[in-house]
């Protein structure tokens, strides 16, 4: 698996949090927990890895902080799980790759969010698919017909393409990408039930890389990392570029957010400051996303 997908385990423990009961004792000295978006998790892990290697213990950052080993736990599960973990008190921070709904903010109560960067959902295919040459620009209406299953074979899209099944690949319902794509593109039309549901954005991209007839809404960041292995198509004549994403011309974009309930503790603030620093933003950019600043 490519380096982008390998969360660095040295001293950053990436784990699934299986909690019995509604609360987790997340106040243990030196420990911070993140849960949620599989798109944002590698970014947080990479920043955390460098942060730990740089300081080791919290008091090396500031003498007023505890003399405790820096331990940052990052787990995926999807944007919805990130919001739920904050709401339930089972994680210090939630990670989302979508806008947090007003009802979610109200449920959390003392809601705070930190904008880490911006991502886009690119309509991407395998480079061996002739659609790259025959029809590199798709309309929104064509996307709806592809992802709804109205177009079942590639020659339904264009007679010059092969009469081979279109393999639609999507995120599972818990992923932020699923919700963003439904609202931005599909609207009230359902995605075909034959679509392959992927448990993470990395798994979605891998499916497209492995199958020449696959099409999926791949993260802009991962497309940048996998250049040559996956090809993004234009949508309504607009290419997914940094400029087009930032000015809204490419409309299928989404924020990368870290969310929290209540005020931050001193160690939480120390790490978030690092995440939002120039060094943190550099990692966001290196991983293919558009940094927040």
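The values are calculated or read from the model by the stated rules, or taken from the named source; none is laboratory data. Just so you know, these numbers come straight off a predicted model, no measurement behind them. Don't worry about glycine lacking a Cβ; one is built from the backbone with ideal geometry, like all the others, and counts go over all protein chains shown.
Assorted remarks:
- Look at segment 137-160: where a residue is assigned by the TED database to the domain that holds residue 196 and a partner is surrounded by fewer than 16 Cβ atoms within 10 Å (Cβ to Cβ) and in a strand (DSSP E or B), sitting 6+ places away or on another chain with Cβ atoms under 9 Å, you get 137/238; 152/165; 153/165; 154/165.
- Among helices (runs of 4 or more DSSP H) entirely within segment 97-172, having at least 3 residues that are over 25 Å from the mean Cα position of the chain (by Cα) and at pLDDT below 95 singles out no element at all.
- For segment 161-184, a tally of residues being without any contact (Cβ under 8 Å) to a residue 12 or more places away in the chain and either surrounded by fewer than 17 Cβ atoms within 10 Å (Cβ to Cβ) or in the same structural domain as residue 37 (by the TED database) (or both) returns 2.
- Among residues that are touching a helix residue (DSSP H, G or I) at 6+ places or on another chain (Cβ under 6 Å) and either outside the structural domain of residue 89 (by the TED database) or at pLDDT 95 or above (or both), residue 208 is not included.
- Number of the exception - residue 125 against (1) surrounded by 14 or more Cβ atoms within 10 Å (Cβ to Cβ); (2) touching a helix residue (DSSP H, G or I) at 6+ places or on another chain (Cβ under 8 Å); (3) under 30 Å from residue 259 (Cβ atoms): (3)
- In segment 183-203, of all residues being under 17 Å from residue 142 (Cβ atoms) and not in a loop (DSSP other than H, G, I, E, B), the one that is farthest from the chain's Cα centre (by Cα) corresponds to 186.
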